[in-house]
Amino acid sequence: MKKRFKLTSLPFLILTLLLVGCSSDSSSSGEEEIIVDFFNQKIEINDQLESLAEKYSAENPNVQIRFTTVGSGDGAAAMQAKFASGDEPAILMLGGLPEIERYKNTLLDVSDMAAATSTIEGQLDGGTIDGVPYGIPMNNEGFGWMYNKEIFEQAGIDPEEIQSYSDFVTAVDTLESQKEDLGLEAVFAYSGSEDFVTNQFSANFTAPEFDNNILTAYEATELNWEYGDKMKAYTDLIIEHTVQPILTVDYSSSVEDLFINGHVAMVHQGNWIVPTLNGLDSEFAETKLGILPLFVESDTEGKLVVGAPWYLGINKNVDEEIVTEAENFLDWMFTSEIGKQTIVEDLQFIPAHEGFDIDSISDPVSKEIYQALLDGETTAMAHKQYPDGYFQNVLHPEFQRYLNNDITWDEFEQTTSEQFSSMKQE
């Protein structure tokens with residue numbers, strides 16, 4: 001019995017020793033899980049980014065990309081809070097040179113990364129300070145008046161014939177006169193509660209003052225509202241024809257309820273709403289979505305605001321192995337076939353990098369924005385270069401006061417101009 005017991009137990013003993021040995025080898029080979037924290041300020045693409053990260057982890061099982069997502073209106077403050085608490089992310093989504101300047105001493109020089117060297121010429125400028133690129137452009141975005149083609153057609157409006165500000169006003173009046181027949185609650189659903197929408201809307205009118213150049217906007221010490229009269233004209237038009245109360249309308253109600261369900265004809269948004277729309281109605285962006293420019297510098301020359309609004313930076317102060325994996329992930333995201341396919345098909349991005357087949361961009365609006373960029377019919381994302389905290393603490397609150405008829409337009413311009421200069425000098 002004793003001899004038989006030994007013979008039976010021997011295989012189990014060998015198996016146990018093998019398992020222990022394998023466990024030891026795995027640990028010593030450095031294959032333990034590496035977590036790369038990614039701070040995302042675009043809540044509308046969170047699901048798509050997580051899906052992209054899962055594809056990367058499938059190829060790199062020991063790496064997990066973990067997301068913290070806070071919408072752009074609150075994202076800057078939330079990211080500062082994470083740094084203050086010592087919980088620093090490895091990858092930072094950064095908007096504009098002022099935000100990049102704030103983290104300059106934290107950010108890695110990305111010059112030699114494949115994700116940096118493959119960018120379209122000039123696209124690194126918005127992430128570069130003193131000649132050093134600290135951020136990789138995530139994508140190009142464009143914004144203006146997003147409109148429902150089906151509603152325009154039912155109203156007898158040909159978008160191709162809107163070639164001036166007065167043409168746009170005529171179209172708005174036509175929609176207003178047919179509201180009941182078209183089933184509209186209002187012509188516009190302007191998101192008066194969202195500071196990022198105010199910020200983007202303002203860029204249509206500040207970019208020309210800054211020569212349509214992001215570096216000029218970043219270096220500017222004054223905002224004189226040279227095109228303030230035109231901003232007032234558009235704003236008054238919105239107030240007259242938008243869903244009320246305007247200060248309660250947010251992104252979700254304007255895009256995910258009123259616009260996609262045909263209760264309004266237009267919203268001031270950009271191509272970033274395409275993933276949201278696709279998630280609710282897979283046919284809407286393809287068949288109903290259009291975009292119109294704003295007429296600012298010239299009454300007969302409309303432009304869209306287009307550029308790279310977000311840059312991805314790497315925190316050089318986290319553990320070295322995490323820095324390496326952050327670099328590897330971003331290089332893979334922008335240069336691998338799976339990454340590039342996901343960027344245009346799932347994220348619905350307009351690429352900021354070379355090596356993409358532009359015909360693979362699926363929605364017509366994104367193609368239209370890209371074509372406008374190629375044709376020079378665009379203006380710069382000046383709003384990304386405002387002083388740190390300006391649009392949250394000054395521009396948006398004062399704009400809301402005007403929307404609510406609490407101040408005059410002259411008071412709006414005076415306060416926001418004075419605060420712009422003051423904050424630039426801090």
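The values are calculated or read from the model by the stated rules, or taken from the named source; none is laboratory data. Given the structure is predicted, the values throughout are model-derived calculations rather than measurements. We work out accessible area using only protein heavy atoms, side chains counted, and drop any ligands, DNA or RNA first. Shrake-Rupley method; radii C 1.70, N 1.55, O 1.52, S 1.80 Å.
Observations, loosely collected:
- Hydrodynamic radius (Kirkwood) for segment 104-193, which is based on Cα pairs only, to one decimal in Å: 17.1 Å
- Segment 161-251, accessible surface, carbon-and-sulfur percent (1.4 angstrom probe): 42 percent
- Approximate shape of the chain as ellipsoid semi-axes (Cα gyration tensor, √5λ), whole Å, largest first: 46, 26, 19
- By the rule of a C-alpha distance below 23 Å, with chain neighbours fewer than 8 residues away ignored, the lysines paired with LYS104 are LYS42, LYS82, LYS316, LYS384, LYS424.
- Between segment 285-315 and segment 138-192, the alpha-carbon center distance in angstrom: 16 Å
- Of GLU240, GLU398, GLU426, the residue with the largest accessible area leads and the full order is GLU426, GLU240, GLU398 (1.4 Å probe).
- Whole-percent pair-distance distribution, where bins are 10 Å wide, for the alpha carbons of segment 181-327: 9, 31, 31, 19, 8, 2, 0
- Largest GNM mean-square fluctuation among MET333, MET113, MET146, using the chain with Cα springs under 10 Å: MET113.
- By the Stokes-Einstein formula, at 1.567 mPa s and 4 °C, segment 287-347 with its Kirkwood radius over alpha-carbon pairs has D equal to 84 µm²/s.
- Accessible surface, 1.4 Å probe, highest first, among residues LYS42, LYS104, LYS149: LYS149, LYS104, LYS42
- Kirkwood-type hydrodynamic radius, segment 46-109: 13.3 Å, calculated from all non-identical alpha-carbon pairs.
- The chain: relative contact order in percent, alpha carbon pairs under 8 Å with at least 6 residues between: 24 percent
- Cα gyration tensor shape of segment 153-219, rounded if a/c is under 1.5, else prolate or oblate by comparing a/b with b/c: oblate
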